[in-house]
Every structure is written in C-alpha cells, then in structure tokens.
Amino acid sequence: MSYQETELRLVLRRNVESAEHLKVVLSDERMALTKRDSDALEVTAAAKTAASEQVAAAWDELLSWLRSAGLDTDTPGSSVAAAIEAAPPSTRVECAAEWRAFTQAAADIAAANQANGRILAIARQTATQVLDILSGTSDGGAVYDDGGTVDRTRGGRSITEI
C-alpha cells in the first residue's frame, strides 16, 4: 500500500471520526432542547462549535489531499470516488467503507441539525405566544370565563391590568 493510499484512508477516517463526534453532540443538544435544560444547552452549544470546527478541519484536510493528488476539489465526492477507484483492491475496500460511513454520517448530521432547529423554532414560537398573551398584544385566542363562554372584555390588555 503506497503512502498516498494510506494517507487517503487515514484522511477519510478522520472525517468519519469528526462527523460521528458531531452526531453525538447533536444528540446531546437535542436532549438539552427537549428537556429545556439551559445549562446543558450552554455546554452543548460550545461542544457543537468545537465539533463543527473539527469537521471543517477534517474536510479541509481531505480537500488538500485531493489537490495534492491532482484531483478536482469543485466536485469532491466525484474526486474521492475516482481516488478510491484508482486504489488497489485492498485499499479500495477500506477507503470505500470509510467514504460510505462519512457520507452517511453527514446525512445524519444534516437531519439531526434540522430536527434541532425545528425544536428551537417551536420553543421560540411558544415563548412569543406566551409573551404576547401576557403583554396583551395577542391577536387571537378568545378568553373563556368559568361558564365556558367567550369573555372579550379582557382582550387587548396586559394580564397585569386584569
């Protein structure tokens, strides 16, 4: 196995490891979001930044490897596939497995990040609605009295004025 083939396998492995670490951090972030644990969320935000930087560094290393091998970095997926295809069969199998693991981890990261973003959007929307109700600026939602009928006398006023 040549140095360049070994290097490709190692570069791909570092990409997989960094992506897998980010997946764990995103899972921790989701847990903090669903539990509304602001302390844990603060920790995961810092961890997410660090893990994202590791992913970016590993990706930059892969792009650098592709450039050093004379391959196009405008379409890195195709270039990695070409490098894997050009490798000897023993290296090809290992590198192909690493590349598949990385692309799967990247898809998982995208899905987890979108899910976490939706959780944040719902929490933000809920907080805004509560603040609107408390401040009397809510544009909807009738207030019901004890008998279950609509009481419109309170609309448009802050809850402190009621």
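The values are calculated or read from the model by the stated rules, or taken from the named source; none is laboratory data. It should be emphasised that the depicted structure is a prediction, and the values quoted were computed from it without experimental measurement. Cβ sites come from the backbone with ideal geometry, for glycine too, and all protein chains shown count toward neighbours. Only protein heavy atoms, including side chains, enter the accessible area calculation; ligands, DNA and RNA are left aside. Shrake-Rupley method; radii C 1.70, N 1.55, O 1.52, S 1.80 Å.
Could you tally the net charge around K23, taking each other residue with its Cβ under 14 Å from the Cβ of K23, Lys/Arg +1 and Asp/Glu -1?
Value of the local net charge: -3.
Quote the accessible area belonging to D60 in square angstrom, nearest 10, computed with a 1.4 Å probe and with ligands, DNA and RNA left uncounted.
90 Å²
Could you compute the FRET efficiency for Q114 and D72, with r as their C-beta to C-beta distance and R0 at 41 Å, rounded to 0.05?
0.90
Would you mind calculating the gained length between S90 and T6 on full extension (0.36 nm times residue separation, minus the Cα-Cα distance), in nm to one decimal?
On the way: separation 84, 0.36 × 84 = 30.24 nm, distance 1.08 nm.
Going from the current span to full extension adds 29.2 nm.
Going from most exposed to least, what order do R9, R36, R30 have by accessible area with a 1.4 Å probe? Please list the in-between numbers first.
Values: R9 65, R36 175, R30 110 Å².
Final ranking, largest accessible area leading: R36, R30, R9.
In a shell of Cβ-Cβ distance under 14 Å around A46, excluding A46 itself, what net charge do Lys and Arg (+1) and Asp and Glu (-1) give? Working shown, then result.
Values: positive: K48; negative: D28, E29, D39, E42, E53.
My count for the surroundings of A46 gives -4.
Show me, for the stretch 68-81, the HN-Hα J-couplings you get by feeding each phi into the Karplus relation (A = 6.51, B = -1.76, C = 1.60, θ = phi - 60°), rounded to Hz, glycine and proline as x.
For the stretch 68-81, the Karplus-derived couplings read 5, 8, x, 9, 5, 9, 6, 10, x, x, 5, 5, 5, 4 Hz, x marking Gly and Pro.
Enumerate the calculated ³J(HN,Hα) couplings along the stretch 26-33 in order (Karplus 6.51 cos²θ - 1.76 cosθ + 1.60, θ = phi - 60°), each rounded to whole Hz, writing x wherever the residue is Gly or Pro.
Karplus-based 3J(HN,Hα) across the stretch 26-33 equals 5, 5, 5, 4, 4, 4, 5, 5 Hz.
At what distance in nm do the modelled label points of I133 and S52 sit from each other, each positioned 7 Å from its Cα along Cα→Cβ?
Between I133 and S52, the simple spin-label model gives 3.2 nm.
Amide H of G136 versus every other amide H placed in the peptide plane: which residues, excluding those fewer than 5 positions away on the same chain, fall under 5 Å?
Correct list: I159.
By how many nm would the segment from S64 to A81 lengthen if fully extended, with 0.36 nm per residue of separation less the alpha-carbon distance?
Values: separation 17, 0.36 × 17 = 6.12 nm, distance 1.55 nm.
Extending this stretch completely gives an extra 4.6 nm.
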